[in-house]
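Quick notes on the structure that follows.
The values are calculated or read from the model by the stated rules, or taken from the named source; none is laboratory data. Quick caveat, the model's predicted, so the values are computed rather than measured. Here the Cβ is made from the backbone with ideal geometry for all residues, glycine too, and neighbour counts use every protein chain on show.
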Amino acid sequence: MQLIECVPNFSEGVNLDIIKQITDEVESVEGVRLLNVDPGKATNRTVVTFVGEPAPVIDAAFLAIKKAGELIDMSKHKGEHPRMGATDVCPLIPIANISMEETAEYAKRLAKRVGEDLGIPAYLYEYAQTDKKRSNLSVIRAGEYEGFFKKIKLPEWKPDFGPQEFDARRGGTVIGARDFLIAYNVNLNTTSTRRANSIAFDVREAGRVMREGDPINGKIITDENGKPKSIPGSLKSVKAIGWYIEEYGIAQISMNLTNIEITPLHVAFDEVCKKAAERGMRVTGSELVGLVPLKAMLDAGKYFLLKQQRSVGVSEKELVKIAIKSMGLSELSPFVPEERIIEYLLKDKASSKLASMTLMDFADETASESPAPGGGSISAYMGALGASLATMVANLSSHKKGWDGRWKEFSDWAEKGQRYKDELVKLVDEDTAAFNKIMEGFGLPKSNDEEKAARNKAIQDATRCAIEVPFKMMQTACDSLTVIKAMAETGNPNSVTDAGVAALCVRSAVIGAFMNVKINASGYKDRAFVEKILADGSEIENKAIALEKEVIGIVNAKIAQ
C-alpha cells in the first residue's frame, strides 16, 4: 500500500468552529486518517496532518482547501506567521512505498484542480517545482498576502495554475512535495523579537548578511556581482526566524528542520541553548508544531542520557520521557506522546492487543477457553521477561557505586537487552496472529475445486508463518543469552541470581518455541524447508541449553563464594 502524508497549514488558529468544519471535510473522505490538528492563537494558523493512499488524500486536501476558502477571509487576517492565503501551504510527504517523484506528480494534480476548479492562484514548490528559482517556499511567499496583489502581476510570478489575479478573500496557495519536516519552536526568557532574531540568524543555515562594523546597522558587504555576502549559520538544513508570541508572553526561535538526519531535533535545541547563553539569554523550553517521528524522540532521549553518562538501555517509553523533559516540550502545553508521535498514531492497536494487556488480563486471557494465546505466545513472553531481567542487571551495573568508569560498557549491554526484549514482546502477538490465520484458512469454503485450492493455499501460507514466527522467537531468545551470560560474569554481583532466573526463562522460551515449530511443521508440505528449519532449530535449542547450563554454573559458583 502506498501512503502519503498531507500537512496543510490554514490561516485560522482562533475560531475552532472554522477549523472543525475544515477537518470534517478531511474526515469525510474514506481511506483518509486525520492524525493531528494543531491550532496556534498567536500565529492565527492551524497545522493539520492526515495520511492515506494518494488518491483519497488528494481528494481530502482539495475539499479542505475549498472549505478554507469559503470560511476564511484573508483581508481580515492577522498573525505572527508569514502567510499568503487561506490555505497557506499544502505539502505532500511520501511515507510508504511511494517515491518522491510520484508524490510530486500528485502535488501537481492537486494544484491543477485547485487552480482550475476553485480559481485560486496555486504555486508549486520543492520537488513539485521544476523552476528552481521559485521552488523555495520563503521565496514564493516573500511579500506575504499584502504584497501579492502586485507581485502576482509580474511575469516571473505567474501562478503555475489558476488565474493571474490575487483573490482578496482567499489569497493564494502553495502546493508541493517535500521530505518530512519538523516545525519546532524554542522558548526564550525574553520578549525581544530583535534579540530572538539574532539567535535565529546565528543558527539558521542561511545565516545573516555580512556587514561592515556594526553587524546590524553596518553597510552591507557585496560580492563582485553586487549581491550581499552572507555569514552562514551553524546548523545545516535549518530555517529559522525570531518572533514574539503575545499568547505566551515570550519570544521564540521558530525553526523548520528540513532534514533531521543532518540536524536532529536535540542538536537544534542544544545549539539554540548555546547561542542564547552567548547573548545573555536562556532557553526555558520548546514546542513541536504538528507531529514528530519516533526516531527523533528516541535519538534525543539517548543523546541527553549520554550527556549525563547514564545508560541508554532503557525502555522506549523512558527515552521519550527523557526527551520531553530535557527539551521542555511540555512547558507551554502538555506533550502527549500518543497524540504527537506519528508512529503511535499510525499504530494498529489490534496488532499489539496481548502485549498491551496488564499481567492479570494476560493471565486471564491465557486461562480462558480460547486456544490463543497458547504456548508460542507464552514462550515469547518468557523470553521477553528473561531479556528484561538481563537488561535490569546491566542498568543496575551501570549505576553501581565505584563502577563509574564502566557505565558505557553496561549501557551497551542494556541497549542490546532492550532490543531483544522489544522483539520478543512483538512476537507475543505475532504468534497468536499466526495461529488465527491458520484457523481462518480452515474456515474458508471448499465446495468446488477452485475454492479447495484457494483454501489449501491459505492454510499452507498461514502454516509457514506459524513455523517462522516461533523460529524467530528461538533465535532472538537464544541471542539474548549472550547478554545474560555477560551479566552473570561481569554484572553487579548483588544481581547475579536475576541473571540466573533470566537464563531459566530464556531456555524455556527456546524449548517452548521449538515445540511450536515442530508441531506446525508436521502439517507443511514443503519438506525441504521443514528439514532445514528443524535442523537449525535443534542446533539453536542445544546451544540455548548449553548456555543456560553455563550461566547457572556461574551463578551457583558466585552464590557459594
Exercise for the section: Taking residue 259 as meeting all but one of (1) at negative phi; (2) modelled with pLDDT of 95 or more, write down the number of the exception. Expected result: (2)
Handout entry: Hits in region 46-73 - residues which are touching a strand residue (DSSP E or B) at 6+ places or on another chain (Cβ under 6 Å) and not hydroxyl-bearing (Ser, Thr, Tyr)
Key = 47, 48, 50, 51, 52, 54, 56, 57, 60, 61, 65, 68
Handout entry: In region 128-139, residue farthest from residue 101 (Cα to Cα) [restricted to those that are touching a residue at least 40 places away in the same chain (Cβ under 8 Å) and part of a helix (DSSP H, G or I)]
Key = 138
Exercise for the section: Could you grab the pairs with beta carbons closer than 7 Å, sequence gap of 6+ or different chains, first residue in region 64-84 and under 18 Å from residue 37 (Cβ atoms), second one of a type in the set (S, T, N, Q) and assigned to a helix (DSSP H, G or I)? Expected result: 67/21; 71/21
Problem - In region 295-309, residue farthest from residue 322 (Cα to Cα) [restricted to those that are surrounded by fewer than 17 Cβ atoms within 10 Å (Cβ to Cβ) and not polar (S, T, N, Q)] - result: 295
Exercise for the section: Examine region 134-150 for a residue that is surrounded by 21 or more Cβ atoms within 10 Å (Cβ to Cβ), at pLDDT 95 or above and touching a Gly at 6+ places or on another chain (Cβ under 8 Å), and state whether such a residue exists. Expected result: no
Exercise for the section: Mind counting the residues in region 364-388 that are within 13 Å of residue 512 (Cβ to Cβ) and not in a helix (DSSP H, G or I)? Expected result: 2
Fill in the blank from the handout: Reported set for region 368-392 where residues are of a type in the set (Val, Ile, Thr) and closer than 19 Å to residue 302 by Cα is 391
Problem - Residue under evaluation residue 329, criteria (1) at pLDDT 95 or above; (2) buried (at least 20 other Cβ atoms within 10 Å of the Cβ); (3) in contact with a helix residue (DSSP H, G or I) (Cβ under 7 Å, 6 or more places away or on another chain), criterion not met - result: (3)
Handout entry: Matching option when the condition is under 27 Å from residue 510 (Cβ atoms), assigned by TED's automatic domain parsing to the domain that holds residue 499, in a helix (DSSP H, G or I) and not small (Gly, Ala, Ser), among 354, 396
Key = 396
Exercise for the section: Test residue 211 against the criterion of being in contact with a strand residue (DSSP E or B) (Cβ under 6 Å, 6 or more places away or on another chain) and either within 30 Å of residue 341 (Cβ to Cβ) or assigned by TED's automatic domain parsing to the domain that holds residue 325 (or both), and give yes or no. Expected result: yes
Handout entry: Failed criterion for residue 319 (all others in (1) assigned by TED's automatic domain parsing to the domain that holds residue 187; (2) without any contact (Cβ under 8 Å) to a residue 12 or more places away in the chain; (3) among the hydrophobic types (A, V, I, L, M, F, W, C) hold)
Key = (2)
Practice task
Please work out which residue is surrounded by the fewest Cβ atoms within 10 Å (Cβ to Cβ), limiting yourself to region 178-198 and to residues that are out of contact with any Gly (no Cβ under 7 Å at 6 or more places or on another chain) and farther than 19 Å from residue 275 by Cα.
Solution key: 179
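Residues checked against (1) of a type in the set (Asp, Glu); (2) part of a loop (DSSP other than H, G, I, E, B); (3) surrounded by fewer than 24 Cβ atoms within 10 Å (Cβ to Cβ):
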site	(1), (2), (3)
58	no, no, yes
64	no, no, no
82	no, yes, yes
90	no, no, no
95	no, no, yes
104	no, no, yes
Handout entry: Residue in region 483-491 that is within 30 Å of the chain's Cα centre (by Cα) and either in contact (Cβ under 8 Å) with a residue 12 or more places away in the chain or not assigned by TED's automatic domain parsing to the domain that holds residue 379 (or both) present
Key = yes
